[in-house]
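I have placed the structure first, in the form of structure tokens, so that the comments after it can refer back to it.
The values are calculated or read from the model by the stated rules, or taken from the named source; none is laboratory data. On a predicted model such as this, the values are computed, not experimentally measured, just so you know. For neighbour counting, all protein chains shown are included, and Cβ atoms are generated from backbone atoms with ideal geometry for every residue, glycine included. Note: areas computed on protein heavy atoms with side chains; ligands, DNA, RNA excluded. Shrake-Rupley method; radii C 1.70, N 1.55, O 1.52, S 1.80 Å.
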Amino acid sequence: MSISRERPPFVADERTQLVGWLDMQRAIVQWKCEGLSEEDAYRPVLPTSPLMTMAGLVSHLRWTEHGWFEVLFLGRSADGNPQFDESVENADMRIEGVPLARLLDEYERQCRISNEIVAAHSLDDVGKHPDYRSAAGNLRWMLIHMVEETARHAGHLDTIRELIDGEKGYY
């Protein structure tokens, strides 16, 4: 991923700072997966959370980006996004047989789409999907939530990676 793992500037406009923090966390997600074998990408290391693997979390984050920015904010269809499939718990993390490289490419592509959406709208614009309560948030709220969501899972990835092969580091 070509996005920098550096923090955004100390003094900048709100959008630059919000997207900067989110991009840094997204880049950390990519970095945590560098050099992993396919076996390790799918290796469960948390006994009570067998789907929380490196690959499972990347898939989850990809679909979370889609859900918040395309579905809830723009009001597009949720069809195809496994997070909206109530018949299968954690469907977005059930990605057996999908190569990690493909998951990372899809995540990077989804992050670019999200950034295009953010760039084209006011931070005060409110989500448009009529069927989901969370669409009532404005773009600013959704960006802050995505920083929180991505950073939380980057921490999970950091821990999982250390348990897999001892690799560690913040950025």
- Message: So if I check each of Ser4, Ser59, which one is closer than 22 Å to Glu167 by Cβ, part of a helix (DSSP H, G or I) and among the hydroxyl-bearing types (Ser, Thr, Tyr)?
- Response: Ser59
- Among Leu18, Leu61, which is the only one that is within 16 Å of His156 (Cα to Cα) and in contact (Cβ under 8 Å) with a residue 24 or more places away in the chain? Leu61
- If the Cβ limit is 7 Å and pairs must be 6+ apart or interchain, which residue in the stretch 4-15 that is under 14 Å from Leu123 (Cβ atoms) pairs with which residue that is at pLDDT below 90 and hydrophobic (A, V, I, L, M, F, W, C)? none
- Note on the structure: Picking from Leu57, Leu51, the residue that is of a type in the set (A, V, I, L, M), surrounded by 14 or more Cβ atoms within 10 Å (Cβ to Cβ), out of contact with any Pro (no Cβ under 9 Å at 6 or more places or on another chain) and more than 24 Å from Leu139 (Cβ to Cβ) would be Leu57
- Could you say whether any residue in the stretch 96-110 is open to solvent by 40 Å² or more (accessible area, probe 1.4 Å), assigned to a loop (DSSP other than H, G, I, E, B) and farther than 30 Å from Leu163 by Cβ? no
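Does any residue of the stretch 63-74 turn out to be in a loop (DSSP other than H, G, I, E, B), under 30 Å from Asp13 (Cα atoms) and open to solvent by less than 50 Å² (accessible area, probe 1.4 Å)?
Yes.
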- Can you name every residue in the stretch 122-163 that is among the hydrophobic types (A, V, I, L, M, F, W, C), open to solvent by less than 20 Å² (accessible area, probe 1.4 Å) and not in a loop (DSSP other than H, G, I, E, B)? Ala135, Leu139, Met142, Leu143, Met146, Ala154, Leu157, Ile160
- Hits in the stretch 111-121 (condition: open to solvent by less than 40 Å² (accessible area, probe 1.4 Å) and either closer than 15 Å to Val29 by Cα or among the acidic types (Asp, Glu) (or both)): Cys111
- Task: Read through the list (1) crowded, with 21+ Cβ neighbours inside 10 Å; (2) under 18 Å from Leu139 (Cα atoms), then give the number of the only condition that Gln17 fails.
- Result: (1)
